[in-house]
Amino acid sequence: MREVDPDIIPIASGNAGPWSEGLLKDCSNHIDMIAEHFYCQEKSSLLEHTSQIADNIKRKVEFHQQLRQKLDSLKGKDIRIAMTEWNYWYGPHPFGELGTRYFHKDALGIAKGLHEYFRHSDIIFLANYAQTVNVIGCIKTTKTAAAFETTGLALKLYRNHFGTVPVTVTGDAYPLDVAAAWTSNRKALTVAIVNPMEQKYELPLDLKGARLTGRGRLWLIAHSDPMAYNDPGKEPNVVIEEKPVSGISNKLSVPPLSINLYELNVR
């Protein structure tokens, strides 16, 4: 294939474990990336349920990081992960064959997963949420209407408003999950916080290397019911709320069961 087109990017179909190890041991001269994928079921504990996506990403990353140290065949190579499928997949199918409904708690888990991807962008080259429309998609349709699932709202939020230049986050915010990035023009800092718990938190903020103006915007996905969902053709129960914020200095307010994306202006 490379003799025909030297610009192609071959991706091997992997599965963290003996299969991926064998591929990278014996075939690393023939591939540019290795594909991984996973799906998660439902957990009774809200914290466990919302942590599954991030935990699976971390497990895949750690496996491949260890292989880079273990295999001589990977010395001097940078074969990154293509996470070609990832999502929750469980429950009944109200939208027909395999037409799964997603709930607010799933959106919280997807957002935490995005944070984990951001932390490992050095080894994860791409990550394709599966799927886009219908079946296990983030958009559901009827013959006359379409609606963002809760998971679709989370993807839309980060795609439209999260920054592109990674910022290091330190400190223990557990059970909150925090990620940050500069906007491309570096005029604002975006801080994303996922709260998978049913209580409010105040998150201390200590910014090094820049000064906040105290003003900005907040995009919020929140609902008191972790089982809230949206249906096509009906008024959405879960939405993205946008509002200005001011007086931001040393802490951020985090409502229960929420995804918060702050865009904070800097001097």
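Bear in mind these aren't lab numbers, they're just calculated from the coordinates by the rules spelled out. On a predicted model such as this, the values are computed, not experimentally measured, just so you know. Cβ placement follows ideal geometry from the backbone for every residue including glycine, while neighbour counts extend to all protein chains displayed.
Annotations
- Test: residue in region 69-86 that is over 30 Å from GLU3 (Cα atoms), more than 18 Å from the chain's Cα centre (by Cα) and surrounded by 16 or more Cβ atoms within 10 Å (Cβ to Cβ): no
- Subset of region 114-129 [charged (D, E, K, R) and outside any helix (DSSP H, G or I)]: ASP122
- Flag for PHE118 being within 30 Å of SER20 (Cα to Cα), in contact (Cβ under 8 Å) with a residue 60 or more places away in the chain and in contact with a Pro (Cβ under 7 Å, 6 or more places away or on another chain): yes
- Within region 237-251, the residues that satisfy the criterion of being under 23 Å from the mean Cα position of the chain (by Cα) and aliphatic (A, V, I, L, M) are VAL238, VAL239, ILE240.
- If you go through region 214-247 and pick out every residue that is part of a loop (DSSP other than H, G, I, E, B) and more than 27 Å from GLU42 (Cα to Cα), you end up with 2.
- Residue ID - surrounded by the most Cβ atoms within 10 Å (Cβ to Cβ), chosen from residues in region 109-127 that are aliphatic (A, V, I, L, M) and closer than 17 Å to GLU149 by Cβ: ALA111
- For region 141-185, filtered to residues that are charged (D, E, K, R) and under 22 Å from GLU241 (Cα atoms), the residue that is surrounded by the most Cβ atoms within 10 Å (Cβ to Cβ) is GLU149.
- Of the strands (runs of 3 or more DSSP E) lying entirely inside region 1-113, the ones with 2 or more residues being under 30 Å from MET197 (Cα atoms) are found at 33-40, 80-88.
- Filtering region 30-51 for residues that are out of contact with any strand residue (DSSP E or B) (no Cβ under 7 Å at 6 or more places or on another chain), closer than 29 Å to THR100 by Cβ, surrounded by 14 or more Cβ atoms within 10 Å (Cβ to Cβ) and among the small types (Gly, Ala, Ser) leaves a non-empty set.
Every residue, every condition in (1) free of Cβ contacts under 8 Å to residues at least 60 places away in the same chain; (2) in a helix (DSSP H, G or I); (3) over 23 Å from TRP86 (Cα atoms); (4) of a type in the set (Phe, Trp, Tyr), yes or no:
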| position | (1), (2), (3), (4) |
| --- | --- |
| LYS140 | no, no, no, no |
| THR144 | no, no, yes, no |
| TYR158 | no, yes, no, yes |
| TYR174 | yes, no, yes, yes |
| ALA180 | yes, no, no, no |
| GLU198 | no, no, yes, no |
